[in-house]
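Heads up: the structure comes next, in C-alpha cells.
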Amino acid sequence: MRIRNILAAAAVAALLPHSVLVLSAVARTEAPAAAHPRLLPLEGGRNFRDLGGYRTADGRHVKWGMLFRSGAMHGLTAKDYAYLDRIGIAVVCDFRSPMERGEEPTVWQGGHAPTIYSEDYEMATSGMMPRVDMRNMTAEQARQVLAASYPRMLTMFAGQYRRMFAELLAGHAPLAFNCAGGKDRTGVASALLLTALGVPRETVIQDYLLTNRYLDAAKVLNSAHPAASTAAFANLPPDVMRAFAAADRSYIEAALRALDAHPGGANGYFRDEMKLSPADIVQLRRMYLE
C-alpha cells in the first residue's frame, strides 16, 4: 500500500543483506533471463517486475513478458511508456483505493493505453488498517497487525483478483496488476497467480520477499508531494516503521495458510472464490507457461 511504501525507506538498510539472500534463492528457481530483467528498467517505475522465468513443479516456466506486478505507476516517464508500449500491456488491474488513486493517478501516456480496472472501497473499512493508536505499538504488534491483515485480503479483494484471472483466461495479456507499493495487495495477487500456475510454495514466497530489494523506498520517501495518507505513520518509532514497511515472510505465509485452510485447499479457493474450474487452471497453464 502507498502508506507502507513511504515507510519502507526506514527499512532499506536493515533489510538489504536478507534481500541479497533472497535474490540468490530465487535465481535457483528461474529460467535463464539474460534478455529478461526481473525489475523493469524504468525511470519512474515502482517495484515494477516481470513474473516470467519461475520454474513450476512440473518443470515448465512462467513466460516472460506476459505477467507483471507493480506499485503505483504515476511516476512513469515518456521513456518508460515507450518501453511499456513495446511490451504491449493490454490490461492493468489497479487494486488501490479511490484515495490512493487520487493521490497518485495513473494517466497512461503510451501510444496504446491498456484497459485499467479498479474498484472503489475505503481503506479504513478494508480490514487492512489497525484500529488502535499506532503510536503505542511495538514492532511485534505491528508485525501481528500486518500478518492478520493478509488472510483478509483473500476475501476483501476476491472480486478484483477474480477479474484478474478472468482477464487472463480471456487472453487479455500482457497484464499488469498493482497497488501502491506492489507489496501487500499485489503480493497476495502474485502469490495466487503463481500458485495457480503451479509454481512451488517457496518460490512464491521468495518472489514476495523481492520487494525488500526492488522497492525504491528512499525515492518514495523523498517525494516533493507526500500523500495525506501517510500522516498517521509520521511519528512512529523506527522499529515499528520497519515492521510496517517490510515484506516479511510471516505476512505472506499467513495468507498462504488461510489459502490452505479453505475447504479443498488452494484448488478449493480457486474454485469457490476465483470461479476457476480444473479445466480453467489447465488452460491458464497452457497460455502462460512454456
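We did not get these values from a lab; they are worked out from the coordinates using the rules stated. These numbers were taken from a predicted model, which means no experiment stands behind them. Note that we place each Cβ from the backbone using ideal geometry, even for glycine, and neighbour counts take in every protein chain shown.
Ranked by how many other Cβ atoms sit within 10 Å of their own Cβ, fewest first, the residues Ile116, Ile281 fall in the order Ile116, Ile281. Rounded to the nearest 20 debye, the dipole magnitude of the stretch 28-115 is 360 debye, with +1 charges on Lys and Arg beta carbons, -1 on Asp and Glu beta carbons, and the Cα centre as origin.
Remark on Leu276: its backbone amide H falls under 5 Å from those of Arg271, a criterion applied only to residues 5 or more positions apart or on other chains, H modelled at 1.01 Å from N.
Hey, with R₀ at 51 Å, roughly what FRET efficiency would Ile87 and Asp272 work out to, going by the Cβ-Cβ distance, to 0.05?
Working: r = 33 Å, r/R0 = 0.65.
Given R0 = 51 Å and the Cβ-Cβ separation, E is 0.95.
Amide H of Ile116 versus every other amide H placed in the peptide plane: which residues, excluding those fewer than 5 positions away on the same chain, fall under 5 Å? Under 5 Å from the amide H of Ile116 lie the amide H atoms of Val92, each far enough along the sequence or on another chain. Counting neighbouring beta carbons within 10 Å and listing from fewest to most, the residues Val145, Val107 come out as Val107, Val145. Full extension of the chain between Gln144 and Asn235 gives 30.8 nm of extra length, using 0.36 nm per residue less the Cα-Cα distance.
Between Leu169 and Glu122, how high is the FRET efficiency from 1/(1 + (r/R0)^6) when r is the Cβ-Cβ distance and R₀ = 30 Å? Nearest 0.05.
Details: r = 30 Å, r/R0 = 0.99.
Working from the Cβ atoms, E equals 0.50.
Neighbour counts of C-beta atoms inside 10 Å place Leu289, Leu259 in the sequence Leu289, Leu259, starting with the fewest. Shown in residue order for the stretch 84-89 are the 3J(HN,Hα) couplings computed by the Karplus curve 6.51 cos²θ - 1.76 cosθ + 1.60 at θ = phi - 60°: 5, 4, 5, 6, x, 4 Hz (x for Gly and Pro).
At a Förster radius of 30 Å, what calculated FRET efficiency corresponds to the Cβ-Cβ distance of Glu202 and Met287, to the nearest 0.05? Once rounded, the FRET efficiency stands at 0.80.
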